[in-house]
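S.K.: After the structure tokens below, expect a handful of questions from me.
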Amino acid sequence: MSKMADAYDVIIVGGGVAGFSAAMYCGRLRLKTLVIAENRGGTIMLTNHVTNWPGTKAISGMDLATNIEEHAKEYNPDIVDAKAVKAEKAKEGFSVTDAEGKRYESKTLILATGTTMRKLDVPGEKELENKGVHSCALCDGVFYKEKTIAVIGGSDSAVKEALLLTQWAKKVYMIYRKEKVRAEPINLERLNANRKIEIINNTNVKELVGKGRLEKLVFDKPYKGSTEFMVDGVFVEIGRIPNSELAKQLGAKLNHKAEIVINRHAETSVPGLYACGDVADTLFKQAIVGAGEAVLASYCAYEYLQKGKKG
Amino acid sequence: MAEKKKVIVYSAEWCPWCHKAIDFLKANKVEFEVRDIDNPKFATEVQQVSGQTGIPVITIDKEVIVGFNMPAIKKALGI
């Protein structure tokens, strides 16, 4: 009989830093583990230099994600490359169904489902996607050598995207709806020192215009006398939406941002269900935080199973 | 025996999802050609082939796949 036929001790949904950190620790705890991953690597893949991972001064996001995945694989979890679309309570705990209709069961469930890029939701955005409108500077910035581009957003991530893009572009505008960008102090220092970046604040983009390719942005108020702003490309970095649909299906408590509410043991409001990483209601979304939550989730799932055995 | 398909990966050295795509093809023992879009010739070519400026782009015979879409690649290769 295939080992896939039996219920797992734990299913981990998500293949990013949190997901594979949980898989690594569940392996150490000798839990029978399945990882269901839509995209192995997750959000950290979009970061060129991770410089806040303790013990490692600098590493690419891709290398960090790969290292964590390889570490987890030392413990031989089953891994399914698929999108998990449905979660239900089952006889022994939980069931998860993937996009191909395959169903898996487990006694506990850890959600490390991460987030999805928030869209601008303005006319032209969908039609011009990857035709001048992008969301990954690391992937697509190279197409804008010596061009004029814009980053929409004012978060720490937006600042990092703008800084990265200056290695190719001749000019990078940051367009932000508020007064002051909000980045970590170290990134603000880098931003202020970079002469290629100019900030257009208190401004919203209300339309992206172009025939087959982005030609200009339309602002909600004039900049240098015009609401039309010519650019070769734009990178949208206006935050992320938590992928908490599975938690919602299971009746777990979500906050006003639709993040999964967890306690300091990474427990959700549903017994046996845990969450970690960017999908959880953690204040500071960083890989190191997600990895820590993942370890807690794994240990608490283990404890939950031990208590069940003692019955 | 099925005829071998011509696989081209348009990528860049620093593009993480390009590396993932290449690793996936290698793991599945698929022969492929890499065209680095840091070369302006290939930067232009990938836009002509796919009608857009996002990478990776993987062409499998006449099929064009934008992004590291593992299910689509598997389907196109029949693996």
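The values are calculated or read from the model by the stated rules, or taken from the named source; none is laboratory data. Owing to the predicted nature of the structure, the values given are computational and were not obtained by experimental measurement. Cβ sites come from the backbone with ideal geometry, for glycine too, and all protein chains shown count toward neighbours.
S.K.: Within segment B:60-68, does at least one residue satisfy the condition of being farther than 20 Å from A:K83 by Cβ, crowded, with 16+ Cβ neighbours inside 10 Å and either modelled with pLDDT of 90 or more or β-branched (V, I, T) (or both)?
M.R.: Yes; the residues of segment B:60-68 include at least one that is farther than 20 Å from A:K83 by Cβ, crowded, with 16+ Cβ neighbours inside 10 Å and either modelled with pLDDT of 90 or more or β-branched (V, I, T) (or both).
S.K.: Could you list, in sequence order, all residues of segment B:1-47 that are of a type in the set (D, E), under 11 Å from the mean Cα position of the chain (by Cα) and part of a helix (DSSP H, G or I)?
M.R.: Of everything in segment B:1-47, nothing turns out to be of a type in the set (D, E), under 11 Å from the mean Cα position of the chain (by Cα) and part of a helix (DSSP H, G or I).
S.K.: Related question: Which one is nearest to the other protein chains (Cβ to nearest Cβ), of the residues in segment B:1-14 that are at pLDDT 90 or above and either closer than 20 Å to A:C136 by Cα or in contact with a Pro (Cβ under 7 Å, 6 or more places away or on another chain) (or both)?
M.R.: Checking each candidate, the answer is B:A12.
S.K.: For segment B:31-43: of the residues being more than 11 Å from every other protein chain (Cβ to nearest Cβ) and touching a strand residue (DSSP E or B) at 6+ places or on another chain (Cβ under 6 Å), which is surrounded by the fewest Cβ atoms within 10 Å (Cβ to Cβ)?
M.R.: Among them, the one singled out is B:E33.
S.K.: Among A:L214, A:L246, which is in contact with a Lys or Arg (Cβ under 7 Å, 6 or more places away or on another chain), buried (at least 22 other Cβ atoms within 10 Å of the Cβ) and touching a residue at least 12 places away in the same chain (Cβ under 8 Å)?
M.R.: None of the others qualify; the one that does is A:L214.
S.K.: Need the failing condition index for A:I44 against (1) touching a Gly at 6+ places or on another chain (Cβ under 7 Å); (2) assigned to a helix (DSSP H, G or I); (3) at pLDDT 95 or above, just the number.
M.R.: With (1) touching a Gly at 6+ places or on another chain (Cβ under 7 Å); (2) assigned to a helix (DSSP H, G or I); (3) at pLDDT 95 or above applied to A:I44, the lone miss is (3).
S.K.: Name the residue that is surrounded by the most Cβ atoms within 10 Å (Cβ to Cβ), counting only residues in segment A:286-311 that are polar (S, T, N, Q) and in contact (Cβ under 8 Å) with a residue 24 or more places away in the chain.
M.R.: A:S298
S.K.: Tally up the residues in segment A:251-285 that are crowded, with 24+ Cβ neighbours inside 10 Å, of a type in the set (A, V, I, L, M) and more than 17 Å from the chain's Cα centre (by Cα), please.
M.R.: We begin by selecting, within segment A:251-285, every residue crowded, with 24+ Cβ neighbours inside 10 Å; these are A:260, A:262, A:266, A:268, A:273-280.
Going one step further and asking which of them are of a type in the set (A, V, I, L, M), we end up with A:260, A:262, A:266, A:273, A:275, A:279-280.
Still in the list and also more than 17 Å from the chain's Cα centre (by Cα): A:262, A:266, A:273.
The total comes to 3.
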